[in-house]
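Q: Here it is: the structure, laid out below.
The values are calculated or read from the model by the stated rules, or taken from the named source; none is laboratory data. The structure presented is a predicted model; accordingly, all values stated were derived computationally and were not measured. Don't worry about glycine lacking a Cβ; one is built from the backbone with ideal geometry, like all the others, and counts go over all protein chains shown. Just so you know, the surface numbers come from the protein's heavy atoms only, side chains and all, with ligands and any DNA or RNA stripped out. Shrake-Rupley method; radii C 1.70, N 1.55, O 1.52, S 1.80 Å.
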Amino acid sequence: MGAVSEQIRHAASVVAVREATGGPQILVVERGASSRFLASYVVFPGGAVDAGDTALAGRWFGDEDEAARAAAIRELVEEAGVAVTANGMVSVPDHDPLDTVHAAPPAADQLVDLCHWVAPDDVPVRFDARYYSVRAPVDLEPVPDGAEAAAAWWVSPHTLLERWEHGDAKLYWPTWYTVTRLAQCADAEELFTFRFDAREPTDDE
C-alpha cells in the first residue's frame, strides 16, 4: 500500500439518472489510463473541489457554501460534455467553457443529496465526497473528454454489476456499494429520490 495521506480532499460526484426500456440507467465514465488515482476504473463523473468552485457556487446558487455542488457540475462538463442548468441536463460543446451553465444557472436543489463518503484513515488518497442525484432526459448523450474520462456511457446498475462480476469493469468500493444500492430501485423516479448511508466493507467483501 502506498503512503497514507493525512489530508482529506473534498470532492463531489454526479449520479445522473434517466429512464430507459427495462429500467433506470445511470451515467458513468471510465477514468483515463494515465490517471494518478483509480486509472481505468468505472466511476461517476466528479472530482476534487477546487478553490474556484467557491466563486462558481456564489455565482450559480448565491451561496458559496455550495462549492461541492458547483464542483460536481464543473466536473460533469469537463469529463462528460453535459451540464446541469435551469433547463435540465443539456449537452455542452467542446467540454470547454461553463457558458452554458452561466447562461442558465441551476437551482441547488436540482442536485439532490444521495450519499456522503469519507475515506478511512488507512486509504492512500483520502477524500470527503458528496454524491448528488440529477435527472437527465432520455436523449442526452455524453461525450468523454478523452483525458480524464476515456469513455462515458449510460448503463443500468444491474448491467454494471454484471460487468464487474465478470471482470469487465473495475469498481472502487464507494462506487460498487452505491451501484449495488441503486440496483434496488425499480425506476428512475425511485432512484432519483433514493438516499442511503455510506459504510465500510466487511471482512468478506
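Q: Got a sec? Which of D121, D168, D128, D197 is in a loop (DSSP other than H, G, I, E, B) and closer than 25 Å to G32 by Cα?
A: So the residue among D121, D168, D128, D197 that is in a loop (DSSP other than H, G, I, E, B) and closer than 25 Å to G32 by Cα is D168.
Q: Next up: For residues in segment 133-165 being polar (S, T, N, Q) and not in a loop (DSSP other than H, G, I, E, B), which is nearest to V90 (Cα to Cα)?
A: My answer is S133.
Q: Suppose we filter segment 49-63 for residues that are surrounded by 14 or more Cβ atoms within 10 Å (Cβ to Cβ) and without any contact (Cβ under 8 Å) to a residue 40 or more places away in the chain; how many remain?
A: 5
Q: Being assigned to a loop (DSSP other than H, G, I, E, B), charged (D, E, K, R) and open to solvent by 50 Å² or more (accessible area, probe 1.4 Å), is that true of even one residue in segment 100-115?
A: No: segment 100-115 contains no residue that is assigned to a loop (DSSP other than H, G, I, E, B), charged (D, E, K, R) and open to solvent by 50 Å² or more (accessible area, probe 1.4 Å).
Q: Can you tell me which residue in segment 148-174 is farthest from A11 (Cα to Cα), limited to those that are at pLDDT 95 or above and hydroxyl-bearing (S, T, Y)?
A: T159
Q: Of all residues in segment 147-159, which are surrounded by 17 or more Cβ atoms within 10 Å (Cβ to Cβ) and either touching a Ser or Thr at 6+ places or on another chain (Cβ under 9 Å) or of a type in the set (F, W, Y) (or both)?
A: E148, A150, W154, P157
Q: Please indicate, with yes or no, whether at least one residue in segment 151-167 is touching a residue at least 24 places away in the same chain (Cβ under 8 Å) and under 14 Å from E75 (Cα atoms).
A: yes
Q: Based on what the data block shows, is V112 touching a Pro at 6+ places or on another chain (Cβ under 8 Å), touching a residue at least 40 places away in the same chain (Cβ under 8 Å) and not acidic (D, E)?
A: No.
Q: Are there any pairs, at least 6 apart or on different chains, whose C-beta atoms fall under 8 Å, with the first in segment 87-106 and among the small types (G, A, S) and the second open to solvent by 90 Å² or more (accessible area, probe 1.4 Å), and if so, which?
A: G88/R135; S91/E141; A104/N87
Q: Could I ask something else about it? What residue, among those in segment 116-144 that are modelled with pLDDT of 90 or more and of a type in the set (D, E, K, R), is surrounded by the fewest Cβ atoms within 10 Å (Cβ to Cβ)?
A: Among them, the one singled out is D139.
Q: Continuing with this model, one more query. Which members of segment 84-97 meet the condition of being within 18 Å of A147 (Cα to Cα) and surrounded by 18 or more Cβ atoms within 10 Å (Cβ to Cβ)?
A: Selection gives V92, H95.
Q: A further question on this structure: For the structure I just gave you, tell me whether E66 is under 21 Å from L191 (Cβ atoms) and open to solvent by less than 50 Å² (accessible area, probe 1.4 Å).
A: Here the answer is no, as E66 does not meet what is asked.
Q: A further question on this structure: Quick one: which of A169, A183 is open to solvent by less than 30 Å² (accessible area, probe 1.4 Å) and over 26 Å from R126 (Cβ atoms)?
A: Result: A183 is the single residue among A169, A183 that is open to solvent by less than 30 Å² (accessible area, probe 1.4 Å) and over 26 Å from R126 (Cβ atoms).
Q: Let me ask something additional. Report yes if some residue within segment 195-202 is of a type in the set (F, W, Y) and surrounded by 16 or more Cβ atoms within 10 Å (Cβ to Cβ); otherwise report no.
A: No, segment 195-202 has no match at all.
Q: Another question about this same structure. Residues of segment 160-205 being under 18 Å from the mean Cα position of the chain (by Cα) and hydroxyl-bearing (S, T, Y), which ones?
A: Selection gives Y172, T175, Y177, T178, T180, T193.
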